[in-house]
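Participant: Provided herewith is a single structure, encoded as structure tokens, for subsequent inquiry.
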Amino acid sequence: MRIGFGYDSHRLVEGRSLILGGMEIPHERGLLGHSDADVLIHAICDAVLGAVGGGDIGRRFPDTDPEYKDISSMRLLRQVSLMAEEKGFLINNVDSTIVIEKPKLAGYLHEMIMNISDVLCISQSRVNVKAKTNEGMGFVGRSEGVVAFAVVTVMEKSRM
Ligand code: MG
């Protein structure tokens, strides 16, 4: 078994949709980025890449490449999971946390879990998404940005 860790942050700005976990969350501001800026999915991509020794999302999908402009991050996660499979790994478990001051995400977490488990082709019971505030502290607390953390475990296919 191998473990990978991922972290990401994006700035919250006006005039952008708030995309988290592959879905649009109603809110007056959204995350700034070259892709759809889905901070949760970026952290999960980096955790998968970390587990399989695959580098990082910025190296795989450079933000200077017009191919990735406004791309759905779910497509990046799909590509990352296929890469892990090609390297001989199966994704075993995903755990993640979004840190966001507003809006409350409790009502959206199940759909995010369904989206992620669908794209990774694993059971929903192997995906966990948590959300919390930063208790008003720092740039997250001031709603200047959103951060996400993820831990992924993978198994070598030959050992299953
Ligand atoms: Mg990112």
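The values are calculated or read from the model by the stated rules, or taken from the named source; none is laboratory data. As the structure is a computational prediction, the values presented were derived from the model and not from experiment. Positions of Cβ are backbone-derived with ideal geometry, glycine not excepted, and every protein chain shown enters the neighbour counts. Note: areas computed on protein heavy atoms with side chains; ligands, DNA, RNA excluded. Shrake-Rupley method; radii C 1.70, N 1.55, O 1.52, S 1.80 Å.
Participant: In region 25-38, what residues are open to solvent by less than 60 Å² (accessible area, probe 1.4 Å) and within 16 Å of the ligand (Cβ to nearest atom)?
Facilitator: GLY30, LEU31, GLY33, HIS34, SER35, ASP36, ALA37, ASP38
Participant: Return the total of residues in region 96-122 being open to solvent by 60 Å² or more (accessible area, probe 1.4 Å), touching a residue at least 24 places away in the same chain (Cβ under 8 Å) and acidic (Asp, Glu).
Facilitator: Counting residues in region 96-122 that are open to solvent by 60 Å² or more (accessible area, probe 1.4 Å), touching a residue at least 24 places away in the same chain (Cβ under 8 Å) and acidic (Asp, Glu) gives 1.
Participant: Right, another one. Identify, by number, the condition in (1) open to solvent by 30 Å² or more (accessible area, probe 1.4 Å); (2) at negative phi; (3) touching a residue at least 60 places away in the same chain (Cβ under 8 Å); (4) of a type outside the set (A, V, I, L, M, F, W, C) that GLY22 doesn't meet.
Facilitator: The failed condition is (2).
Participant: Also, quick follow-up: Quick test of your reading of the structure: LEU40 fulfils all but one of (1) in contact with a Gly (Cβ under 7 Å, 6 or more places away or on another chain); (2) outside any strand (DSSP E or B); (3) farther than 25 Å from GLY136 by Cβ; (4) not small (Gly, Ala, Ser). Name the failing condition by number.
Facilitator: (3)
Participant: Right, another one. Answer with yes or no whether ASP95 is part of a strand (DSSP E or B), of a type in the set (Asp, Glu) and under 16 Å from the mean Cα position of the chain (by Cα).
Facilitator: Values: part of a strand (DSSP E or B): yes; of a type in the set (Asp, Glu): yes; under 16 Å from the mean Cα position of the chain (by Cα): yes.
Taking the combined requirement at face value, the residue satisfies it.
Participant: Would you call HIS42 open to solvent by 40 Å² or more (accessible area, probe 1.4 Å) and near the ligand (Cβ under 10 Å from one of its atoms)?
Facilitator: So HIS42 does not fit the description; no.
Participant: Might you let me know whether region 111-122 holds any residue that is at pLDDT 95 or above, in a loop (DSSP other than H, G, I, E, B) and within 21 Å of SER17 (Cα to Cα)? First the steps, then the outcome.
Facilitator: Of region 111-122, the ones at pLDDT 95 or above are 111-122.
Filter again for in a loop (DSSP other than H, G, I, E, B), leaving 121-122.
Then drop every residue that is not within 21 Å of SER17 (Cα to Cα), which leaves none.
There is no residue in region 111-122 that is at pLDDT 95 or above, in a loop (DSSP other than H, G, I, E, B) and within 21 Å of SER17 (Cα to Cα).
Participant: Restricted to region 129-138, and to residues that are assigned to a strand (DSSP E or B) and open to solvent by 70 Å² or more (accessible area, probe 1.4 Å), which residue is nearest to LEU82 (Cα to Cα)?
Facilitator: So the residue we want is LYS130.
Participant: To continue, here is another question. From ARG16, ARG59, ARG11, ARG78, which residue is assigned to a helix (DSSP H, G or I), at pLDDT 95 or above and either among the charged types (D, E, K, R) or away from the ligand (no atom under 13 Å from the Cβ) (or both)?
Facilitator: Working: ARG16 fails: assigned to a helix (DSSP H, G or I); ARG59 fails: at pLDDT 95 or above; ARG11 fails: assigned to a helix (DSSP H, G or I).
Selected residue: ARG78, the only one of ARG16, ARG59, ARG11, ARG78 that is assigned to a helix (DSSP H, G or I), at pLDDT 95 or above and either among the charged types (D, E, K, R) or away from the ligand (no atom under 13 Å from the Cβ) (or both).
Participant: Now for a separate question. Any idea which residue in region 45-88 is nearest to VAL129 (Cα to Cα), counting only those that are among the hydroxyl-bearing types (Ser, Thr, Tyr) and either without any contact (Cβ under 8 Å) to a residue 40 or more places away in the chain or open to solvent by 30 Å² or more (accessible area, probe 1.4 Å) (or both)?
Facilitator: SER72
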